[in-house]
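Notes follow the structure.
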Amino acid sequence: MEMILTLAWKEPKREPSLADKRERFSQMAREHQSTLLRIANNFCKGNDSLAQDLVQDTLVSAYKSYLEGGFQEGTNAKAWLAKILTNAFLNDYRRRKKWESSQDIEEGPEIPASKAAEADHAILEQILDGPIEQALERLPEQQRMCVTLVDIEGLDYAEAAAILDCPVGTVRSRLSRARIALYEDLVEYGRQRGVVQ
Amino acid sequence: MNAAPAIHPCWHMRGLVQRFAEGSLAGVLLKYTKYHVHHCTRCRQAVEVLKAAIARLKKLKDKAAELPEDRWASIEAAWLEHEQTNPPD
């Protein structure tokens, strides 16, 4: 019997060109721009221009890191980009904002205490995004960051903890305080505007 | 924002109440929390508040946002500049 030997020749893996890498990264960046802008907007307390600066700087430094192999294909791109954005915010934007503003960014107005023993939870459904975003802006920065990453963007606790560089338990307790504070703030807002009695 | 919130779950239930509201509890912890919440007004109120806040915050994600094209042009220019100043080995 004649044996046919087939030599399996493996073509060496071609390194993608710089243009390919840029194209791939550009797709990833555009895919996640909405998430990054929402996070940046919440971090920057609704300042659109500052939020866009932050996202722009994030995408530029993320690309540098991408070219250096800082991102592994198949891993969570959203969490990776959110981490870079958060670091950029913590390292630069917060400092700049603090410098520009005489008021400490950590502080916000006091939350009015809930007056009703049984609050109407439906009020939250009736309140538009604008007042909710304003209530978010009044939260202390660390709480606002947790709410943005977990409640709005849907990252899990471990991802948020890795991004914020703190223990999972800290994320959990900040979230709890933030959610209750937001709720009370919004119920009070609704009462003042007659949305609820 | 530094004032203590008026909604206080029992101190030993804080973590469980939070996870219960998120729907991430299971097994005996879920049973225990359900039982406690059923009999404790403070924790029940906290669960309802947390659930309402979580549900409303999730809806903020529906808001789509895009960077203006001039921003993209600046970003892409910065990428190209980086490639030119740091050519691959």
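The values are calculated or read from the model by the stated rules, or taken from the named source; none is laboratory data. Please read these numbers as outputs of a predicted model, since none were measured by experiment. Neighbour counts run over all protein chains shown; Cβ positions are idealised from the backbone, glycine included.
Observations, loosely collected:
- Restricting B:75, B:7 to those that are in contact (Cβ under 8 Å) with a residue 24 or more places away in the chain, within 11 Å of chain A (Cβ to nearest Cβ) and surrounded by 11 or more Cβ atoms within 10 Å (Cβ to Cβ) reduces the list to B:7.
- Residues being assigned to a loop (DSSP other than H, G, I, E, B), hydroxyl-bearing (Ser, Thr, Tyr) and at the interface with chain A (Cβ under 10 Å from one of its Cβ atoms) are entirely absent from the range B:27-47.
- In this structure, residue B:55 does not satisfy being within 29 Å of residue A:130 (Cα to Cα), small (Gly, Ala, Ser), over 15 Å from the mean Cα position of the chain (by Cα) and at pLDDT below 90.
- Of all residues in the range A:28-44, exactly one satisfies the criterion of being more than 9 Å from chain B (Cβ to nearest Cβ), surrounded by 20 or more Cβ atoms within 10 Å (Cβ to Cβ) and not hydrophobic (A, V, I, L, M, F, W, C), namely A:32.
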